[in-house]
Structures are given as C-alpha cells and as structure tokens.
Amino acid sequence: MRPVLFSVGPLTVYWYGVFVALAFLAALATAAGRLKRYGWRPEIAYDIGIYALLAAIAGSRLLYILEDPREFLSSPLEIFKVWKGGLSFLGGLAGAVLAGAVYLRLHRLPVLAGFDLLVPSVALGHAVGRIGCFLNGCCFGAASGVPWAVVFPDGSAAHAYQLREAGLLPPGSAWSIPVHPVQIYESLAEIGIFVALSCCLPRSRFRGEIFLLYLFLYGIARFVLEEFRADTPAILAVGRSALSLPQLTGLGMALVSAALILAAGRRRQGA
C-alpha cells in the first residue's frame, strides 16, 4: 500500500513497475525451463516474451481505458504513464495470445502445443503482478468488514473512489474504509491455477487442452472475484445483480473453453 519504492531527484520507482518486471522474469524463467524439458528450444520463451510483453502492455492499457475512460478525459497524456498502474489483465492476455500465435506460426511451430507449454507461466506471472497491484492500491476491492480487510491511504485509487464517487468518506479522511484485499485473492487463485496446469500438462490428451483449461479456470476465478471488486463499473443488470465487462468476459471465456474441451473429448472417444 505504498506505491512509490523510492525517488532520486526526478526519478521515481514504483512498486507496481518492480512487480511487473518480476512477473515477467518469473514467467520467462519457468517457461524456458518447461520448454527445455519438453524438447523445445528455451530461447523461444525469451523471443515470444519480448513480443508478448509489448502486445500485452498495449492491449491491457487499451482495455483499461475502454472500461472507464473518464479517468483520462482531463489528462490525456496519463494514457502513456503505464508505470503508474492502470493495466487490464484481460486486454493484456488478448494481446499476448495474438503475439504468441503470430510468432509460432511464422516460425512454423505448433501454436496450440506452444500455448500449452507457455500458459502455466502466464498464471505464475499474473500471481506475482497482482502483488504490485496491491502495493499500488489499484484493482481494489469493495468495502468489507472481514477481519483481513485492508485500508488504503489518501492519494490511492481506493481512497479517491470512496471519497469522490461512492461518497463513503468525509473530506479530509486520511484512510479509506476497509476493503477486500481482492488483489491478494486473485494472486492466490493464480498460484492455484499454475499448480493445477503444471500437474495436468503431462497428462494432457490433445493439443490446446492446457491452454483451454487455463481459460476456463481463470474465467471462473475472474467472474467470482469481480464480485469483491469496486473499481470496475457495471455494464449489464441481471436481476438484482450487475455485471462488469471483465465479469462478462470471464464468463464467456469459461463457457467457450468448457465447450471446446468437451467437444474435443467427444471427438477423441469417437475416433
């Protein structure tokens, strides 16, 4: 909950940027090791990693802006300050998948088999990156009275939201009211997904199964965890509930991937 790691003159280093870098390194290291174990060149992980990182930053920033453009209307140049936070993982995932598919196709490598080997590391990197979100105060949770709820200081995204938009704080409040540490929830969920995918990989039945399993597990996790978040606006009312864009996207990912896994399983049985 301290966004700035240190400042030296005009240089400011943010915890968010540090953990994004650590997430990238963790994903690269584990992906390279896994590729080597399965007979692929480990250098492929580093090559794809560079292109996927650039595409992920562009995609994640774009989706973040589309989810709530009001933040940038008064200061358009803030769009380019990605080191301060404000990245949507779902947009980044789409960008990284596209970049990875193009790379594998251009190098005449099996795309789905490559995704199966790489995607567990995506989950691990995401788990590390969410710790940066927690320290940065972005992607914050809804107000809560659970014993492990956390508070964020004045100047954080959670404090600003509660003060200006939700009207939950009186002017001059030094701290937000307690909220769910939803960033930590998601980090733990991603660690669980990483372990599950790593265990299932040697037993996979067809190319693309591990990648589809990731989409299913993360889609379910994101759909559930969005219920504990307060920073994503609702776009669709369903009865007494309201669903956000990430929630709808997560649900769609889970349903489509589950259908594809079942269809592939039936084809194998009929073969």
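Some values worked out for this structure:
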read-out: Charge dipole magnitude, Cβ of K and R +1, D and E -1 - the chain, Cα centre, debye nearest 20; value: 1060 debye
read-out: Footprinting exposure proxy for I261, I50, I210 (fewest neighbouring C-beta atoms within 10 Å first); value: I50, I261, I210
read-out: Sparsely packed trypsin sites (Lys or Arg not before Pro) within region 163-221, loop by DSSP, other Cβ within 10 Å at most 14; value: R205
read-out: P(r) of the chain over all Cα-Cα pairs, binned every 5 Å from zero, in whole percent; value: 1, 6, 11, 16, 18, 16, 12, 9, 6, 3, 1, 1, 0, 0
read-out: Per-residue Cβ neighbour rank within 10 angstrom, fewest leading, S176, S244, S198; value: S198, S244, S176
read-out: Residue exposure sequence - I48, I191 - by fewest surrounding Cβ within 10 Å; value: I191, I48
read-out: The chain - mean residue ellipticity at 222 nm from DSSP helices (-39,500 (n - 2.57) per run, n ≥ 4, rounded to 500); value: -20000 deg cm²/dmol
read-out: At least 20 Å along the helix axis (C-alpha) and Kyte average at least 1.6, DSSP helices within the chain; value: 89-106, 209-225
read-out: For the chain, the longest site-free run once chymotrypsin sites (Phe, Trp or Tyr not before Pro) in DSSP loop states with at most 13 other Cβ atoms within 10 Å are removed; value: 149-271
read-out: Amide H partners (placed H, <5 Å) of I235, local residues excluded; value: L243, S244, L245
read-out: Cα Rg, Dmax (largest Cα-Cα span) when computed across region 131-209, Å; value: 17.7, 59
read-out: For the chain: relative contact order, % (alpha-carbon pairs under 8 angstrom, 6 or more apart); value: 18 percent
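Values quoted throughout were computed directly from the atomic coordinates according to the rules given, and no laboratory measurement underlies them. Quick caveat: nothing in here was measured; it's all calculated off a predicted structure. Neighbour counts are summed over all protein chains in view; Cβ atoms, including those assigned to glycine, are modelled from backbone coordinates with ideal geometry.
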